[in-house]
Amino acid sequence: MIARSASLDTILVTGGAGFIGSTFVLDAVGRRGQHVVNLDKVTYAGNLENLESLAGNPHHVFVRGDIADARLVHDLLTAHRPNAVVNFAAETHVDRSIDGPRAFVQTNVLGTFELLDAVRHYLGGLSPTARHDFRFLHVSTDEVYGSLPERGTFDEGCGYAPNSPYAASKAAADHLVRAYSRTYDLPTLTSNCCNNYGPFQFPEKLIPLTILNALEGRNLPVYGDGQHVRDWLFAEDHCDALQVLLRAGRPGETYVIGARSERTNLALVEMICDLLDELSPGRPGENVGTGESGSRSRRELISFVADRPGHDRRCAVDPSKIETELGWRPTCRLEDGLARTVRWYLEHRAWCDRIAQRTNARQRVGLGGTPPHQ
């Protein structure tokens, strides 16, 4: 593994108040001692509470703003002189993209363009050594590749075939990153990752939604027949992979990131139900007996609902490139990561309640209706 000559001492992180972005920032500042300038628009899914442990930390500078604000991005680059940009800023929820695709194009496509162009001009003023050591890491998704049959995996050579407005907007952003690399010799890296999970995930996503609904004795909605397959990666493992890419990834290259942990949506929901039955037995308002005849499983709450339009049947990636070239592998098994995640939500109900008070995060969207209020 060939490392860069410069240390990663200052990173401009965009979208660092969201789920994966805040996980990256907490690790970069708290564990690695890196200096992070954190630019986030703080939309409905952004949450400054995620960053409370960094309050007063001189290595974390938070700026509220939009990556599409070219002047703001220029000023941040000029003032802080980062030697890397990590772009998490994006609208990410597939269901919301079906009801309101415009926001996804504006942030994921136009925002990425403005960020790339600001970095292009910034690099023009750097020394040859500083330019050589600089990295622009664009964090993307495996959904740009579309859907798989029962066998096979996506890798870096697969063609793009996005099936939702979200996936199409991320695919367009990926193409812009590639174009800036080839046209302007921008030292870019693109990562296409499988589904993430872990603490701080916004409650509209499958895993936290299932946890919170199950704790309240509400129905657990599973789309279609529940046999849609995803590969699941613990967010901390994903962020570790991104740090590896920043240190040793080859400029201009794409790397898919995955855990080889495929599960159907139904199987995943059942795993969560079983964990909750163990860690938090009983349902609200019920006296659950200790004997087999008196106990009830939260699996009984599972309810099959209308499928999402354009729902990818199966997504799975082959992470051999990052494993072989850079030596990265995930360290957290799905069973262990899910247990950690369930415990976190059990211990942070107040965090979830505050989100519920200001958003409609657990309302079903994505059937082609009016976009939800944000």
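Here are some notes:
- Across region 142-157, computed HN-Hα scalar couplings (Karplus, 6.51 cos²θ - 1.76 cosθ + 1.60, θ = phi - 60°) run 6, 5, 5, 7, x, 10, 10, x, 5, 10, x, 9, 8, 9, 5, x Hz from first to last residue, x flagging Gly and Pro.
- Seen against the Cα atoms of the chain and their longest principal axis, helix 112-123 is set at about 30 degrees.
- When all alpha carbon pairs of region 1-142 are counted in 5 Å bins from zero, the resulting P(r) reads 2, 10, 20, 22, 20, 14, 8, 3, 1, 0 %.
- A simple rule links phi to the HN-Hα coupling: the Karplus curve 6.51 cos²θ - 1.76 cosθ + 1.60 with θ = phi - 60°, which for region 20-30 gives 6, x, 5, 4, 5, 5, 4, 5, 4, 7, x Hz, with x for Gly and Pro.
- Cα-based values for the chain, radius of gyration first and Dmax second, are 20.6, 73 Å.
- Each Lys and Arg contributes +1 and each Asp and Glu -1, all at the Cβ; summed about the Cα centre of the chain, the dipole is approximately 520 debye.
- Mean residue ellipticity (222 nm) of the chain, computed from DSSP H runs ≥ 4 via -39,500 (n - 2.57), nearest 500: -11500 deg cm²/dmol
- Beta bridges by DSSP in the chain, antiparallel share as percent, to the nearest 5: 5
- The 3J(HN,Hα) values that the Karplus relation (6.51, -1.76, 1.60; θ = phi - 60°) gives for region 262-278 are, in residue order, 6, 9, 6, 4, 5, 4, 5, 4, 5, 4, 5, 4, 5, 5, 5, 4, 7 Hz. Gly and Pro appear as x.
- Rounded to 10°, Cα long-axis angle of helix 165-184 versus longest principal axis of the chain: 20
- Between region 245-282 and region 120-175, the alpha-carbon center distance in angstrom: 20
- Degrees, to the nearest 10: 235-248 long Cα axis against longest axis of the chain: 20
- The listed peptides 170-179, 135-144, 326-335, ordered by packing as a protection proxy, come out as 135-144, 170-179, 326-335 (highest mean of other Cβ atoms within 10 Å first).
Coordinate-derived values only; no laboratory data. What you are looking at is a predicted structure, and each value in this text was computed from that prediction instead of being measured. Every residue, glycine as well, gets a Cβ built from its backbone with ideal geometry; the counts of neighbours run over all protein chains shown.
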